[in-house]
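So the structure is just underneath, and the comments pick up after that.
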Amino acid sequence: MKRLEGKTALVTGGARGIGRAICEAFAREGARVAVADRLAADAAETAAAIGGMGVTMDVTDLASIAEGVRAVEQAFGGIDILVNNAGIFNMAPIEEITVEDYRRQYDVNVGGTIFACQAVVPGMKKRGGGAIINFSSQAGRRGEPNIVVYCSTKAAVISITQSLALELAGDNIRVNAIAPGVVDTPMWDAVDALFAKYENRAKGEKKRLVGEAVPLGHMGSPEEIADPCVFLASDDARYITAQTLNVDGGNWMS
């Protein structure tokens with residue numbers, strides 16, 4: 001039997017990159033998958049490729065979250081697994097941080113996690129339990145220069161995971177997180193361009209250097225993040241909650 005047979009999963013930021021790899025892995029393991037993303041066409045394309053459901057969702061908009069969750073529950077009867085993968089990155093020295101960028105990163109990375117959980121949890125309670133996987137980062141484990149806002153949002157996700165896990169344990173809802181390291185996705189090309197700007201590097205140099213610095217010798221792939229996500233969503237992890245799993249090739253030891 002496939003590990004997620006009969007389960008319904010909602011994956012935010014599911015249209016591209018790590019999110020798409022998670023959707024593909026969940027579908028292979030037998031789950032009904034709702035691909036939620038503000039990029040409606042991309043969400044629909046990913047959903048069509050895996051036989052899932054595309055959902056237009058902006059995690060900074062509570063009405064959008066509620067509408068998307070309601071649509072999935074109506075289509076599939078409920079939600080057993082929530083993956084809070086939607087996230088954004090920016091960097092700047094402290095003198096250049098704007099209120100607008102601060103709010104945007106917190107709205108997506110922190111608020112999006114909290115309020116997607118808020119929308120899904122009542123249904124999970126009615127179904128007798130579920131699994132929530134939040135996405136932090138190695139940047140949530142340590143400070144990094146010029147990345148104060150992003151790092152702090154990802155540290156907050158770890159704290160959210162711990163608090164919600166304790167709150168929901170009695171409802172048989174497990175809450176865990178994944179902290180990826182450097183992962184080779186299109187997003188990293190944008191990240192590399194920011195490092196080129198603020199560290200006076202050639203484009204591509206930072207990406208090459210961080211890959212070489214990983215103890216396992218290379219950047220991760222989206223699939224290498226998706227497989228541990230399947231594990232945390234499955235009954236194989238039935239006695240695991242309140243944990244943040246480092247999936248980073250050995251960058252961070254805890």
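FYI, it's all coordinate maths here, none of it is from the lab. Computed from a predicted model, the values in this text were never measured in an experiment. Cβ coordinates were reconstructed from backbone atoms using ideal geometry, including for glycine residues, and neighbour counts include every protein chain displayed.
See the values below:
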quantity	calculated
Rounded Å value of the spacing that divides the Cα centres of region 176-198 and region 135-152	11 Å
Segment Tyr102-Lys197, length gained on full extension (0.36 nm per residue, minus Cα span)	32.3 nm
Within region 181-254, chymotrypsin sites (Phe, Trp or Tyr not before Pro) in DSSP loop having at most 11 other beta-carbon neighbours inside 10 Å	Tyr239
Cross-link reach list, aspartates and glutamates versus Lys207, counting only Cα pairs under 12 Å and skipping chain neighbours closer than eight places	Asp184, Asp189, Asp192
Residue exposure sequence - Arg208, Arg32, Arg16 - by fewest surrounding Cβ within 10 Å	Arg208, Arg16, Arg32
Lys/Arg +1, Asp/Glu -1 at C-beta; the chain dipole; positive extreme among Ile22, Thr8, Ile114	Thr8
Backbone N within region 217-254 under 16 Å of label point (7 Å from Ala169 Cα along the Cβ vector)	238-244
Options Ile147, Tyr198, Val35, ranked by Cα towards positive dipole end of the chain, top entry (Cβ charges)	Val35
Residues whose placed amide H lies under 5 Å from that of Arg38, excluding near-sequence neighbours	Gly13, Met57
Computed magnitude of the charge dipole of the chain (debye, nearest 20; Cβ of K, R +1, Cβ of D, E -1)	400 debye
Cα-based Rg of region 29-80 normalised by 2.2 N^0.38 Å, two decimals	1.08
